[in-house]
1. Take the conditions within 14 Å of the chain's Cα centre (by Cα) and either crowded, with 20+ Cβ neighbours inside 10 Å or under 19 Å from residue 39 (Cα atoms) (or both) and apply them to residue 74. Does it pass?
2. Here's a check for you: in segment 92-109, which residue that is free of Cβ contacts under 8 Å to residues at least 60 places away in the same chain and outside any helix (DSSP H, G or I) is nearest to residue 124 (Cα to Cα)?
3. Here is a list of conditions, (1) closer than 27 Å to residue 126 by Cβ; (2) assigned to a loop (DSSP other than H, G, I, E, B), and residue 58 meets all of them except one; can you say which number that is?
4. Condition first: crowded, with 21+ Cβ neighbours inside 10 Å and either within 10 Å of the chain's Cα centre (by Cα) or on the phi > 0 side of the Ramachandran plot (or both). Now tell me which residues in segment 44-57 satisfy that.
5. Is it the case that some residue within segment 24-43 is within 22 Å of residue 142 (Cβ to Cβ), under 12 Å from the mean Cα position of the chain (by Cα) and not in a loop (DSSP other than H, G, I, E, B)?
């Protein structure tokens with residue numbers, strides 16, 4: 001089982017992190033890891049199935065460094081739940097401390113590129129709910145995306161007036177930000193929709209409309 005897990009995770013993780021991650025995951029008998037198709041508004045997810053089963057899911061289109069960070073993010077949710085119970089806030093101080101400690105153990109030059117380490121050290125001190133919330137770090141991580149991944153952007157990277165499409169094919173024009181969502185006009189019906197700031201979109205030129 002462990003060898004099979006290593007064979008799978010080698011496709012997604014930095015090579016030097018694979019053994020440590022596998023041993024960490026196998027130390028929890030009630031935790032399952034699922035690698036899923038990309039989702040529009042999240043990179044990963046933690047879910048308590050019942051008292052004896054917990055599941056972490058990670059999108060399969062992440063670059064190795066983003067995959068590792070996301071996996072540790074979700075694992076911190078699991079660890080925080082096991083230690084502190086269900087009454088804590090999802091990204092409160094208990095989760096921040098847990099995730100920060102986890103991330104620190106992987107911040108090594110043989111795992112992460114040197115140009116990411118300083119930013120990740122800073123990020124680990126007070127992690128945000130998503131790396132997308134740290135624009136500088138997010139942009140550095142995106143440099144390691146594949147060519148196909150680079151066609152996608154988070155909606156917060158666009159500017160008012162820009163046009164984009166969602167994975168369902170609908171085309172919008174960005175209007176303005178409202179807290180954690182963006183006001184966008186759908187071109188097909190001219191109606192206004194609120195789209196989450198972490199949504200991945202495909203920017204398009206006005207000449208392509």
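1. Here the answer is yes, as residue 74 does meet what is asked.
2. 107
3. (2)
4. If the condition is that a residue be crowded, with 21+ Cβ neighbours inside 10 Å and either within 10 Å of the chain's Cα centre (by Cα) or on the phi > 0 side of the Ramachandran plot (or both), then 44 is the only one that fits.
5. Pass one, segment 24-43, residues within 22 Å of residue 142 (Cβ to Cβ): 35-43.
Those still in the list that are under 12 Å from the mean Cα position of the chain (by Cα) too: 38-43.
Pick out the ones that are also not in a loop (DSSP other than H, G, I, E, B) and you get none.
Taking every residue of segment 24-43 in turn, none turns out to be within 22 Å of residue 142 (Cβ to Cβ), under 12 Å from the mean Cα position of the chain (by Cα) and not in a loop (DSSP other than H, G, I, E, B).
One line per residue, one yes/no per condition, for (1) at pLDDT 95 or above; (2) closer than 20 Å to residue 127 by Cα; (3) in contact with a strand residue (DSSP E or B) (Cβ under 9 Å, 6 or more places away or on another chain):
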site: 2; (1), (2), (3): no, no, no
site: 16; (1), (2), (3): yes, no, no
site: 72; (1), (2), (3): yes, yes, no
site: 88; (1), (2), (3): no, yes, no
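The values are calculated or read from the model by the stated rules, or taken from the named source; none is laboratory data. These figures come from a predicted structure and were not determined experimentally. Every residue, glycine among them, receives a Cβ derived from its backbone with ideal geometry; neighbour counts consider all protein chains shown.
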